[in-house]
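Here's the structure, in structure tokens; my notes come after.
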Amino acid sequence: MEKKSVAKGFLSNIYVKNILLMIIAFVALVVLVLVGLNLYTKHGESIKVPSVKGLQVEEARGILKAAHLECVVSDSSYQREGVPGAILEQIPKDLSNVKKGRTIYLIIKAKGEQMIPVPELRDFSVRQAEAQLNSLGFSKLVIEEVPSAYAGIVISVSYKGKILTPNQKVPKGSTLKLSLNNDGRII
């Protein structure tokens, strides 16, 4: 009988009761969260991502919608070869396992030429200007020398006969003409 009275006395203590209730509440909360997460994340349910590479966005959207997936064009990349607007890459990759309703990010081939802004090159040396333009993808440069007091300094950059303003965009790889100062001396 003493054991029952000790246990009864122990359980009748307000602090012990509160600690036991907190432990029970904590265990119940953990179980509830784990079960809820399992239901919410649809653990174990997945579908395979169909391959949409090479297709146009509207065709891909139809295929992905039929597979209960969404799609978003996240980027475009300029390439000379290939069909404009065709899908180059998809993320996640084809045949990956994903949940229904997942968004598939598409990278497509740009429909227009890649346009590059030409920086301000006035008063740069010809070597600096050539290096900067080459780094931007302009390898076809025509150099025209104009008589002036200083040699080798860029006066202007032109494309198809029109002088470019700073940061004006032109198609990548175009032929640009650099007009340079020439002091007229023969070295």
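The values are calculated or read from the model by the stated rules, or taken from the named source; none is laboratory data. It should be emphasised that the depicted structure is a prediction, and the values quoted were computed from it without experimental measurement. The area values use the complete protein model at the heavy-atom level, side chains included, leaving out ligands, DNA and RNA. Shrake-Rupley method; radii C 1.70, N 1.55, O 1.52, S 1.80 Å.
Can you run phi through the Karplus equation (6.51, -1.76, 1.60; θ = phi - 60°) for segment 93-100 and list ³J(HN,Hα) in whole Hz, with x for Gly and Pro?
Along segment 93-100, the couplings run 4, 5, 6, 6, 8, 9, 7, 4 Hz.
Roughly how many percent of the accessible protein surface of the chain is carbon and sulfur, given a 1.4 Å probe and a whole-percent answer?
On the way: 8060 of 13390 Å².
That fraction is 60 percent.
A 31 angstrom limit on the alpha carbon distance is what I want to check against. Which of Lys109/Lys160; Lys65/Lys172; Lys93/Lys160 exceed it?
On the way: Lys109/Lys160 26 Å; Lys65/Lys172 36 Å; Lys93/Lys160 43 Å.
In this structure, Lys65/Lys172; Lys93/Lys160 exceed 31 Å between Cα atoms.
Given contacts defined as C-alpha pairs under 8 Å and at least six residues apart, what's the relative contact order of segment 84-143, whole-number percent?
Numbers: 36 pairs, mean separation 18.8, N = 60.
RCO, segment 84-143: 31 percent.
Can you give me the pair-distance distribution of segment 1-118, C-alpha pairs, 10 Å bins, whole percents?
Per 10 Å bin, starting at 0, the Cα pair percentages come out as 12, 25, 16, 12, 10, 9, 8, 5, 3, 0.
Run the reach check for Lys8 against lysines, Cα to Cα strictly under 24 Å, same-chain hits fewer than 8 apart removed. What comes back?
Cα-Cα hits under 24 Å: Lys17.
At 4 °C and a viscosity of 1.567 mPa s, what translational diffusion coefficient does Stokes-Einstein give for segment 65-187, taking Rh as the Kirkwood radius over Cα pairs? Give it in µm²/s as a whole number. Please list the in-between numbers first.
Details: Rh = 17.6 Å.
Translational diffusion coefficient: 74 µm²/s.
Using just the alpha carbons, could you tell me how many Å³ per residue the convex hull of segment 106-166 encloses?
Numbers: hull volume 6.7 nm³, N = 61.
In segment 106-166, the Cα hull volume divided by residue count equals 109 Å³.
Evaluate the relative contact order of the chain (contact order divided by residue number), counting alpha-carbon pairs under 8 angstrom at least 6 apart; express in whole percent.
Values: 287 pairs, mean separation 32.2, N = 187.
Relative contact order for the chain comes out at 17 percent.
Tell me the per residue accessible area of segment 90-158 using a 1.4 Å probe; a whole number in Å² is fine. Please report the intermediate quantities before stating the final value.
Working: 4160 Å² over 69 residues.
I get 60 Å² per residue for segment 90-158.
When the Karplus curve 6.51 cos²θ - 1.76 cosθ + 1.60 is applied with θ = phi - 60°, which whole-Hz ³J(HN,Hα) does each residue of segment 35-49 get, with x for Gly and Pro?
Each residue's phi maps through the Karplus curve to give 5, x, 4, 4, 6, 5, 7, 6, 3, x, 9, 7, 10, 8, 7 Hz.
Apply the Karplus curve 6.51 cos²θ - 1.76 cosθ + 1.60, θ = phi - 60°, to the phi angles in segment 142-158 and return the couplings in whole Hz, x for Gly and Pro.
Rounded to whole hertz, the list is 10, 10, 10, 9, 10, x, 6, 6, 10, 9, x, 9, 6, 8, 7, 10, 10.
Quick one: which residues, 5+ away or cross-chain, put their amide H under 5 Å from the amide H of Glu145? H built at 1.01 Å from N.
Close amide H contacts, sequence-distant or interchain: Leu180.
A 25 angstrom limit on the alpha carbon distance is what I want to check against. Which of Lys48/Lys111; Lys140/Lys169; Lys111/Lys140 exceed it? Don't skip to the answer; put the middle values down first.
Numbers: Lys48/Lys111 29 Å; Lys140/Lys169 16 Å; Lys111/Lys140 23 Å.
Pairs exceeding the cut-off: Lys48/Lys111.
With every protein chain kept in the model, how would you rank Leu141, Leu133 by accessible area, 1.4 Å probe, largest at the top?
Details: Leu141 45, Leu133 0 Å².
Ranking Leu141, Leu133 by accessible area, largest first, yields Leu141, Leu133.
For segment 79-156 and segment 9-56, what is the centre-to-centre distance using only Cα atoms, to the nearest Å?
If we compute the Cα centre of each part, the gap is 50 Å.
Can you sort Asp94, Asp123, Asp75 by 1.4 Å-probe accessible area, starting with the largest?
Working: Asp94 55, Asp123 115, Asp75 85 Å².
Largest accessible area first, the residues go Asp123, Asp75, Asp94.
Of Phe138, Phe10, Phe124, which has the most accessible area and how do the rest follow, probe 1.4 Å? Kindly include the intermediate steps, with their values, before the conclusion.
Numbers: Phe138 0, Phe10 125, Phe124 65 Å².
Order by accessible area, largest first: Phe10, Phe124, Phe138.
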